[in-house]
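Enquirer: What follows is a structure written as structure tokens; I'll ask about it next.
The values are calculated or read from the model by the stated rules, or taken from the named source; none is laboratory data. As the structure is a prediction and not an experimental result, all values here were calculated from the model. Using ideal geometry, Cβ is built from the backbone for each residue, glycine included, and neighbour counts are taken over all protein chains shown.
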Amino acid sequence: MSDNTLIAGAQSLPALTTLNDLVFNMARRDAPEVLRYKRAGAWVSISAREVYSIVARMSAALKRLGLRKGDRVALWSENRPEWTLADLAVLACGAATVPLYPTLTAAACEYMLRDSGSRVIFLSRPEHLEKIHGCWARLPELERAVLFGGPVPAGMSAARVLRWEELIGGEQIDPAREEAQAYEAAARAVGPDDLASIVYTSGTTGEPRGVLLAHDNLVSNVLAVPLEFIRPGDVALSFLPLSHIYERMVFYTFLHHGVPVAYAESTEAVPQNLLEVRPTLATAVPRFFEKMYSRIVGNLQQGFWARRRLFWWAASVGRQELACRIEGRPAPSGLRLRHRLANRLVFRKLRRRLGGRLRCFLSGGGPLSPQLAEFFTAVNVMVCEGYGLTETSPVVTCNVPSRPRPGTTGRPLEGVEVRIAPDGEILVRGRNVMKGYHNRPEETAQAIVDGWLHTGDIGELTAEGDLRVTDRKKDLLKTAAGKLVAPQPIENLLRSLPYISNAVVVGDRRRYIAALLVPDFQRLSEFACASGLDGASPAALIRHPLVRNLIGRQVDQVNAGLAPFEQIKRFALLADDFSIAAGNLTPTFKVRRRIVEEECRDIVAELYK
């Protein structure tokens, strides 16, 4: 763990035994701002006193509806204050939250509601409510829905559908008054081993499984987050879905340390919200950095040669300075001077686009390309990558700003043990490991053996104790020559290129490695216009020799850094990107490899003729 002095009063942080303590401790601090959101074009703050009052009133309302300890309550919404307030109110009742991604199909939502046995569901939009209405008859345990905003669709029972405002009505509850005692007594009756949430995995390899997480699982992760990430005056921007356990745990961590959190309006609004909120901390998934890098490179290619040359000179200086930091030696005076110049001419402008105050991005939810991690850290946009799973609440290891190690996911958190099995699988043990899979005792017994969680990921520990994750165990490709190839690192390299949006590497039991590539059609349209192909459809573009040559040159760049048996010998271009709606992309933007290969089986067959 890092030096506690980076947090004011870190030694006297209030005790945290369950997630309910977050609200009690927040009320003691009585901070003027805990949450921030945008309403009618202006940013609005919610104080600690308001959070406490709303959570207490909502908790009381849920109990009046008959919610009991051990019940389940689903949350189907994008990020907004009501998400967090409902989550904390459900936990205060001793019930468990079942988060659902806002992009889920009605069928997937129905499956999770039935499997979890949810009695109540909170929804953000009338469209979601209409989807629930269509399957409600098949959900005998679902009793009521609570709508955050918008009109209740016609024909729906007022007894079964309630409005958020109706449940939190009444005067503000003061933590010092007697009426708060009943709320606190019920919330304190919840113990560390009680169930806090059932979180359904993305399901890249099959049907989603409900991961059972107790209060102690999540609390242990919150308390183990290295303290050097937090500083006085920090502000965080939240734009990853709160239904993602990574964003949710980090959100709890910010609440624990008194860091105000602003909710981004939408994914599309993140660039503008960064400029408005000017956060110091934010979480993101690798896809965010891949797109950012692609935009940077694409913009440079359209600019003057002098601008390109200056940028890549500055990036080279940044890499040299980063190498000194990694090796633990001071940079030579000449390099320090060049680095200050690079910062003034290039890096500072880049950080300005992120609000100008961003100190660190926390990357999770999937493997980040080592090249991207090194690039952003070198240009003074610190990216600290971590590794974890829903089953580990979720963080297992993470890099820290004072010790950057691009290409690894850092050392294990305090209290978390990691070891590598003989076949290369990563095993994890600690308080953060789940209670099990809901309604799946056999799968739980297979996943947790002698206290060690078998993650299904392949990796290695460096001599310094950092974890390097290679790939999913089930995703490793074995060529006809018997060579093992990890597809994810190759796919990450491909996705970081300016004209490639997505990639799936194939070649299991085949003579060579091939790839299915989705071009970045927005960027490609600019190339097409300059090449006299303006107006061509995606289907026409992917067949044109100029486009295939352009993508081919990008593939050659990746091949140059690969071993001969890893190199992509042939590729096919796809006219349609993968999507959550199509079912070939998970809500966390991971490609469902088996589904894509099945959908493209004829195209893959052509690659091996």
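Enquirer: Would you say Ala224 is in contact with a Phe, Trp or Tyr (Cβ under 7 Å, 6 or more places away or on another chain), outside the structural domain of Gly415 (by TED's automatic domain parsing) and modelled with pLDDT of 95 or more? Lay out the reasoning, then the answer.
Expert: Values: in contact with a Phe, Trp or Tyr (Cβ under 7 Å, 6 or more places away or on another chain): no; outside the structural domain of Gly415 (by TED's automatic domain parsing): yes; modelled with pLDDT of 95 or more: yes.
So Ala224 fails the test.
Enquirer: In a helix (DSSP H, G or I) and either in contact (Cβ under 8 Å) with a residue 40 or more places away in the chain or charged (D, E, K, R) (or both), is that true of Asn25? Outline the logic, then answer.
Expert: Details: in a helix (DSSP H, G or I): yes; either in contact (Cβ under 8 Å) with a residue 40 or more places away in the chain or charged (D, E, K, R) (or both): yes.
Against the criterion (in a helix (DSSP H, G or I) and either in contact (Cβ under 8 Å) with a residue 40 or more places away in the chain or charged (D, E, K, R) (or both)), Asn25 qualifies.
Enquirer: Name the single residue, out of those in the range 391-406 being of a type in the set (S, T, N, Q) and over 17 Å from Pro286 (Cα atoms), that is nearest to the chain's Cα centre (by Cα).
Expert: Of the range 391-406, the ones of a type in the set (S, T, N, Q) are 392-393, 397, 399, 402.
Subset that is over 17 Å from Pro286 (Cα atoms): 392-393, 402.
Working: Thr392: 14, Ser393: 13, Ser402: 23 Å.
In this case the residue turns out to be Ser393.
Enquirer: Looking only at the range 577-609, count every residue that is in contact with a Gly (Cβ under 8 Å, 6 or more places away or on another chain) and of a type in the set (A, V, I, L, M) and tell me the total. Let's see the steps before the verdict.
Expert: First, pick out the residues of the range 577-609 that are in contact with a Gly (Cβ under 8 Å, 6 or more places away or on another chain): 586, 588-590, 592, 595.
Filter once more, so that each one left must be of a type in the set (A, V, I, L, M): 595.
Total meeting the criteria: 1.
Enquirer: If Asn221 meets every condition in (1) crowded, with 21+ Cβ neighbours inside 10 Å; (2) more than 18 Å from Tyr387 (Cβ to Cβ) apart from one, which number is that one?
Expert: (2)
Enquirer: Here's a follow-up. Looking only at the range 299-314, count every residue that is closer than 18 Å to Leu497 by Cα and either part of a helix (DSSP H, G or I) or not small (Gly, Ala, Ser) (or both) and tell me the total.
Expert: The initial filter retains those residues of the range 299-314 that are closer than 18 Å to Leu497 by Cα, namely 299-303, 308, 311-312.
Checking which are either part of a helix (DSSP H, G or I) or not small (Gly, Ala, Ser) (or both) leaves us with 299-302, 308, 311-312.
Within the range 299-314, residues that are closer than 18 Å to Leu497 by Cα and either part of a helix (DSSP H, G or I) or not small (Gly, Ala, Ser) (or both) number 7.
Enquirer: Would you mind stating whether Phe311 is surrounded by 14 or more Cβ atoms within 10 Å (Cβ to Cβ) and at pLDDT below 95? Outline the logic, then answer.
Expert: Details: surrounded by 14 or more Cβ atoms within 10 Å (Cβ to Cβ): yes; at pLDDT below 95: yes.
Yes; evaluated as a whole, the condition is true for this residue.
Enquirer: Let me confirm something: among Ala323, Ala331, Ala342, which residue is more than 19 Å from Ser402 (Cα to Cα), in the same structural domain as Leu300 (by TED's automatic domain parsing) and either of a type outside the set (S, T, N, Q) or assigned to a loop (DSSP other than H, G, I, E, B) (or both)? Walk me through how you get there before you give the answer.
Expert: Details: Ala323 fails: more than 19 Å from Ser402 (Cα to Cα); Ala331 fails: more than 19 Å from Ser402 (Cα to Cα).
From the options Ala323, Ala331, Ala342, the qualifying one is Ala342.
Enquirer: Test Val250 against the stated conditions and say whether it is closer than 25 Å to Asn492 by Cα, modelled with pLDDT of 95 or more and either not in a helix (DSSP H, G or I) or not polar (S, T, N, Q) (or both). Spell out the reasoning first.
Expert: Values: closer than 25 Å to Asn492 by Cα: yes; modelled with pLDDT of 95 or more: yes; either not in a helix (DSSP H, G or I) or not polar (S, T, N, Q) (or both): yes.
The answer is yes for Val250.
Enquirer: From the list Ala264, Ala269, Ala306, Ala323, exactly one residue is aliphatic (A, V, I, L, M) and in contact with a Phe, Trp or Tyr (Cβ under 8 Å, 6 or more places away or on another chain). Which is it?
Expert: Details: Ala269 fails: in contact with a Phe, Trp or Tyr (Cβ under 8 Å, 6 or more places away or on another chain); Ala306 fails: in contact with a Phe, Trp or Tyr (Cβ under 8 Å, 6 or more places away or on another chain); Ala323 fails: in contact with a Phe, Trp or Tyr (Cβ under 8 Å, 6 or more places away or on another chain).
Step by step, each of Ala264, Ala269, Ala306, Ala323 is checked, and only Ala264 is aliphatic (A, V, I, L, M) and in contact with a Phe, Trp or Tyr (Cβ under 8 Å, 6 or more places away or on another chain).
Enquirer: Is it the case that the range 533-548 has a residue that's among the hydroxyl-bearing types (Ser, Thr, Tyr) and within 20 Å of Arg287 (Cβ to Cβ)? Steps first, answer last, please.
Expert: Filtering the range 533-548 for residues among the hydroxyl-bearing types (Ser, Thr, Tyr) gives 537.
Within this subset, residues satisfying the condition of being within 20 Å of Arg287 (Cβ to Cβ) are none.
No.
Enquirer: Using beta carbons and a limit of 9 Å, which pairs, at least six apart or on different chains, have the first residue in the range 361-377 and in contact (Cβ under 8 Å) with a residue 60 or more places away in the chain and the second one basic (Lys, Arg) and in a helix (DSSP H, G or I)?
Expert: Once the first residue is in contact (Cβ under 8 Å) with a residue 60 or more places away in the chain and sits in the range 361-377, its partners that are basic (Lys, Arg) and in a helix (DSSP H, G or I) give Gly365/Arg287; Gly366/Arg287; Ser369/Arg495; Phe375/Arg319.
Enquirer: A follow-up question, please. I need the full set of residues from the range 231-240 which are touching a Ser or Thr at 6+ places or on another chain (Cβ under 8 Å) and in a loop (DSSP other than H, G, I, E, B), in order please.
Expert: Within the range 231-240, Arg231, Gly233, Asp234, Val235, Phe239, Leu240 meet the criteria.
Enquirer: Which residues, taken from the range 434-458, are touching a residue at least 24 places away in the same chain (Cβ under 8 Å), part of a strand (DSSP E or B) and at negative phi?
Expert: Passing the criteria: Tyr437, Trp452, Leu453, His454, Thr455, Asp457, Ile458.
Enquirer: For Ala378, are the conditions met, namely being assigned by TED's automatic domain parsing to the domain that holds Val428, more than 20 Å from Asp457 (Cβ to Cβ) and in contact with an Asp or Glu (Cβ under 8 Å, 6 or more places away or on another chain)? Give the steps one after another, and end with the answer.
Expert: Numbers: assigned by TED's automatic domain parsing to the domain that holds Val428: yes; more than 20 Å from Asp457 (Cβ to Cβ): yes; in contact with an Asp or Glu (Cβ under 8 Å, 6 or more places away or on another chain): yes.
Yes; evaluated as a whole, the condition is true for this residue.
Enquirer: Write out, first by first residue and then by second, each pair whose Cβ atoms fall under 6 Å of each other, whose residues are 6+ apart or on separate chains, and whose first residue, in the range 580-609, is within 25 Å of Leu240 (Cα to Cα) while the second is modelled with pLDDT of 80 or more and in a helix (DSSP H, G or I).
Expert: Short answer, once both residue conditions are applied: Asn584/Ile595; Asn584/Val596; Phe589/Arg287.
Enquirer: So Phe571 fits all but one of (1) crowded, with 17+ Cβ neighbours inside 10 Å; (2) modelled with pLDDT under 85; what number is the exception?
Expert: Tallying (1) crowded, with 17+ Cβ neighbours inside 10 Å; (2) modelled with pLDDT under 85, Phe571 fails exactly one: (2).
Enquirer: Of the residues Gly407, Gly415, Gly355, which single one is closer than 17 Å to Arg231 by Cβ and assigned by TED's automatic domain parsing to the domain that holds Val469? Steps first, answer last, please.
Expert: On the way: Gly407 fails: closer than 17 Å to Arg231 by Cβ; Gly415 fails: closer than 17 Å to Arg231 by Cβ.
The conditions single out Gly355.
Enquirer: In the range 28-55, which residue that is touching a residue at least 60 places away in the same chain (Cβ under 8 Å) and part of a strand (DSSP E or B) is farthest from Ala214 (Cα to Cα)?
Expert: My answer is Trp43.
Enquirer: Continuing with this model, one more query. Would you confirm whether any residue within the range 56-79 is within 30 Å of Gln272 (Cβ to Cβ) and part of a helix (DSSP H, G or I)? Write out each step before concluding.
Expert: As a first pass, look at the range 56-79 and keep what is within 30 Å of Gln272 (Cβ to Cβ): 75-79.
Filter again for part of a helix (DSSP H, G or I), leaving none.
No, every residue in the range 56-79 fails to be within 30 Å of Gln272 (Cβ to Cβ) and part of a helix (DSSP H, G or I).
Enquirer: Here is a follow-up. For the structure I just gave you, tell me whether Arg405 is at pLDDT below 95 and either surrounded by 17 or more Cβ atoms within 10 Å (Cβ to Cβ) or more than 30 Å from Thr18 (Cα to Cα) (or both).
Expert: Working: at pLDDT below 95: yes; either surrounded by 17 or more Cβ atoms within 10 Å (Cβ to Cβ) or more than 30 Å from Thr18 (Cα to Cα) (or both): yes.
Taking the combined requirement at face value, the residue satisfies it.
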